[in-house]
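Structure first, then comments.
The values are calculated or read from the model by the stated rules, or taken from the named source; none is laboratory data. Keep in mind that what you see is a predicted model, and the values were worked out from it rather than measured. All Cβ positions, even for glycine, are placed from backbone atoms using ideal geometry, and neighbour counts span all protein chains on display.
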Amino acid sequence: MEEVELKFEGENKSGVAVVGSYLFDAARRLGVDVQAECGRRGECDSCAMKITQGNGFLSAPTFAEIQKLSEQRRKKGERLACQAKLEKAGEIVIMITQKKEENKPETEEKAEEYRKEFEELPLEKKIANLLELEAITLGETFSFVLNSPFKIFDIAMGVMAEFGLNLEEKDKEAKRPKEHQTKKNGNDAKTPPKKTKAKQTTAKNSAKKEKE
């Protein structure tokens, strides 16, 4: 099995990846923090990386890369990590393209404003906001629950467990192919719903009457 040696400048990380892997996956496995704001569909440039050596060991730029990266950026060696595949064995040196967090101050102000409003809410509203609106991180949600009185802890954990199970099921369903997704009645999309005993009995009685 052929391998590619990867070196990330400025990240002090390096390692090998198998030919056929995407640069995005290889980087993640080596502990490099790579963003994918579009969900790895090639619709943004958040995972852009600059290849300083070994661009020839990668696949040719995709249509998405040509659309999202200007000719000037591509000439400088920039690629979208979610689109670039490791095609040949060799050594590739990469520089991560960092984006400035321009909206960070505004985000922090909104978070502080929410926290002040949150403190004035009754318990039920607090739990609802923590879980449904996901306004603050899950870690802070658990911190809030663990620091609550015993009775409140039981109530909150029950709500969180139900919410978590629903989220997990929705996530699994969303990732399935359409042909494999289940309908609201719980049946497979291709499998017709089973007849109930009542319907089966009615069908049998109708058949008997027709014979008589």
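Within segment 52-80, how many residues are part of a loop (DSSP other than H, G, I, E, B) and either touching a Cys at 6+ places or on another chain (Cβ under 8 Å) or not basic (Lys, Arg) (or both)?
Matching residues across segment 52-80 total 8.
Among the residues of segment 18-32, which ones are assigned to a strand (DSSP E or B) and farther than 19 Å from Glu65 by Cβ?
Val18
Say whether the condition of being at pLDDT below 95, of a type in the set (Phe, Trp, Tyr) and either surrounded by 12 or more Cβ atoms within 10 Å (Cβ to Cβ) or not assigned by TED's automatic domain parsing to the domain that holds Val18 (or both) is met by at least one residue in segment 105-119.
Yes, segment 105-119 contains a residue that is at pLDDT below 95, of a type in the set (Phe, Trp, Tyr) and either surrounded by 12 or more Cβ atoms within 10 Å (Cβ to Cβ) or not assigned by TED's automatic domain parsing to the domain that holds Val18 (or both).
Based on what the data block shows, is Val18 in contact (Cβ under 8 Å) with a residue 40 or more places away in the chain and in contact with a Phe, Trp or Tyr (Cβ under 7 Å, 6 or more places away or on another chain)?
no
Do you know which of the residues in segment 1-14 that are in contact with a strand residue (DSSP E or B) (Cβ under 7 Å, 6 or more places away or on another chain) and more than 13 Å from Ala89 (Cα to Cα) is surrounded by the fewest Cβ atoms within 10 Å (Cβ to Cβ)?
Out of the qualifying residues, it is Gly10.
Given (1) in a helix (DSSP H, G or I); (2) touching a residue at least 12 places away in the same chain (Cβ under 8 Å), identify the lone condition not met by Gln83.
Gln83 satisfies all of (1) in a helix (DSSP H, G or I); (2) touching a residue at least 12 places away in the same chain (Cβ under 8 Å) except (1).
Kindly indicate the residue of segment 27-54 that is surrounded by fewer than 19 Cβ atoms within 10 Å (Cβ to Cβ) and either modelled with pLDDT of 95 or more or outside the structural domain of Phe8 (by TED's automatic domain parsing) (or both) and also farthest from Lys75 (Cα to Cα) among those meeting that condition.
Once the filter is applied, the top-ranked residue is Gln53.
Based on what the data block shows, is Glu43 touching a residue at least 24 places away in the same chain (Cβ under 8 Å) and not in a helix (DSSP H, G or I)?
Criteria met by Glu43.
So which residues in segment 22-78 are among the polar types (S, T, N, Q) and under 19 Å from the mean Cα position of the chain (by Cα), if there are any at all?
Residues satisfying the conditions are Gln35, Ser46.
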